[in-house]
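To keep things clear, I will list the structure first and then write my remarks on it.
The values are calculated or read from the model by the stated rules, or taken from the named source; none is laboratory data. Because the structure is predicted, anything quoted here is derived from the model rather than measured. Cβ coordinates were reconstructed from backbone atoms using ideal geometry, including for glycine residues, and neighbour counts include every protein chain displayed. Ligands, DNA and RNA are stripped out before the accessible areas are found, and what is left, the full protein with its side chains, is counted by its heavy atoms. Shrake-Rupley method; radii C 1.70, N 1.55, O 1.52, S 1.80 Å.
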Amino acid sequence: MDKGCETFTEYVLINYRWVFVCLFLLPISFFYDLWFYLRNWVVFNLTSAPKQHNSKVKYVQKQIREWASNGKRTQICTSRPGWQRVCFRQPKYKSTMTNIEVDLVDILEIDVDKKVIRVEPRVSMGQLTATLIPLGWTIPVLPEIDDLTVGGLVMGTGIESSSHKYGLFQHICQSFELVLSDGSLIKCSKDHNPDIFYAVPWSYGTLGILTAVEIKLIPAKKYVKLTYQAINGAENIANNFTKASKNLNNEFVEALGYSEDEAVIMTGTMTDEVENDKLNAIGRWYKPWFFLHVKGMLKENSLVTEYIPLRDYYHRHTRSIFWELQDIIPFGNNPIFRLLLGWMMPPKISLLKLTQTKTVKKLYENNHVLQDMLVPIETMTNSINIFKKTFNVFPLWFCPFILSNNPGFVHPKSDGNQLYIDIGIYGVPKVKGFKPKEDMRKIEKYVTEVNGFQMLYADTYMTKEEFRRMFDHDLYDKVRKNGVQAFPDIYDKVSRSARD
């Protein structure tokens, strides 16, 4: 009886969660975003954000010095609730550490002469595009989900379809400002405190508290001229994708794989000109979800070109959170739904996390994959085959990037820069007998063997020794020897055992 009730409860929570999402989370998300953008407009235009920044940083320093004067009885971390992060899991460690309040959410300065923008770490990608594009500027690597923050993309990592030219998000950052464990404030760049500068990316807040970032600016144009090419056959997909990724005349390159033998490769360039009848404002609330729009290109026998407003292109995967929302709101792409409620999409990822029950969390853990694996591009065909045998999840997201040989946590094993591919795996495994821990450990082992890397926002089942084999800890360990043991080791923040 109890088992039957539990099964019924699970069924309702999974299959009818859309009722709660549509009636409550969508309106809350909409008005939260409205409030947040109005607040930031007021702060940036009517107050002195830099002066506020200095006082807020001093408050961070004060808290750390008070922690030190009280005997350093625990390690420290930021107080930002785990549910506010764009990550499936919530961290356990915050309840056992001293939480430092960090309220740093503002754009500080745009210097078009130096071509840099200075921002606080909780500035989101949505804020950046809303602010910069009307001014005729953008940043070279702008990851596509609105709520991703600069701090998360620095301390974790970030990628975009321009990464085949510019690298990961860390590679467009000019400097970092941090508060260290002794309360001191430092600025680091490739020329000043370079060890800290190169050790910070991927460090997940274990070297200091990030308070500001300078990011490179490049000129923006109004539209992206996007060309879709449907490709059949695994080898053809890999060969054509590699060719497109090596062509630096393409400002944007990505692909969506709908099976191991069907994919659509997209290449784009920025432009101010639009051909007649080819403008497609894909970001409008009544438009089909982007991944389904792209899927329609599989029926085409020739190249298809259209023009997309730049901001719409940057956030093309936001409204459907890639394709994750189809499992929560199965009818979300229905024209009637888009007409009635599409203008409020998507629900905020943070609120989806906050309102998950234990049952839903457990079901997601056992029946869902959310991973990004970074592997050398020459392993693309083999990697897809292995991921299919292990998970059988489609679509897959393919995004190429140039991996710099700079020192730090992640770099090629060989000399020189190397072209890699991010394979994003998001969805419900279709293989029989899927076992999340056992199957993920197989993939982690494979990725390590091909000199690849796992993005750390997702579940990591590696042991500490295996984790240290995948990631280069030499510089990280060197920096941590200089008195930053106040922060936990990175493995103790990102491993599966450290997360709910």
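Filter 388/432; 190/464; 58/187 down to the pairs with a C-alpha to C-alpha distance above 20 Å, please. Table pairs above 20 Å Cα-Cα are 190/464. Multiplying the residue separation of residue 303 and residue 432 by 0.36 nm and subtracting their alpha-carbon distance yields 42.7 nm.
Note on exposure: 223, 476 ranked by accessible area (1.4 Å probe, complete protein assembly) read 223, 476, with the most exposed listed first.
Across every direction, the projection of the convex hull enclosing the Cα atoms of the stretch 140-277 has a mean area of 10.8 nm².
Applying 1/(1 + (r/R0)^6) with R0 = 51 Å to the Cβ-Cβ distance of residue 249 and residue 24, what FRET efficiency is obtained, to the nearest 0.05?
Efficiency, from the Cβ-Cβ distance: 0.60.
Between residue 54 and residue 93, what is the FRET efficiency for a Förster distance of 22 Å, r being their Cβ-Cβ separation, to the nearest 0.05? Calculated transfer efficiency: 0.15.
Three principal axis extents of the stretch 389-462 based on alpha-carbon atoms, in descending order, are 41, 25, 20 Å. In the chain, helical runs assigned H by DSSP with n ≥ 4 each contribute -39500 (n - 2.57); averaged across all residues and rounded to the nearest 500, the mean residue ellipticity at 222 nm is -10000 deg cm²/dmol. Using a cut-off of 30 Å between Cα atoms, the listed pairs 94/389; 225/287; 243/389; 92/114; 62/437; 115/445 include 94/389; 92/114; 62/437; 115/445 as exceeding that distance. Spin-label model, residue 285 to residue 235: label points 7 Å out along the Cα-to-beta-carbon direction sit 5.0 nm apart. Near residue 174, the amide H atoms lying under 5 Å from its own belong to 214, 215, 216; only residues 5 or more places off or on other chains count, and H is placed 1.01 Å from N. By a 1.4 Å probe calculation restricted to protein chains, residue 28 has an accessible surface near 90 Å², given to the nearest 10. Full extension of the chain between residue 72 and residue 222 gives 48.8 nm of extra length, using 0.36 nm per residue less the Cα-Cα distance. Evaluated at 4 °C with a viscosity of 1.567 mPa s, what Stokes-Einstein diffusion coefficient in µm²/s does the stretch 420-500 have when Rh comes from the Kirkwood expression over alpha-carbon pairs? Rounded to a whole number, D works out at 90 µm²/s. Fully extending the segment from residue 277 to residue 130 would add 50.3 nm, taking 0.36 nm per residue of separation and subtracting the current Cα-Cα distance. Structural descriptor for the chain: relative contact order 18 percent, calculated from alpha carbon pairs under 8 angstrom and at least 6 residues apart.
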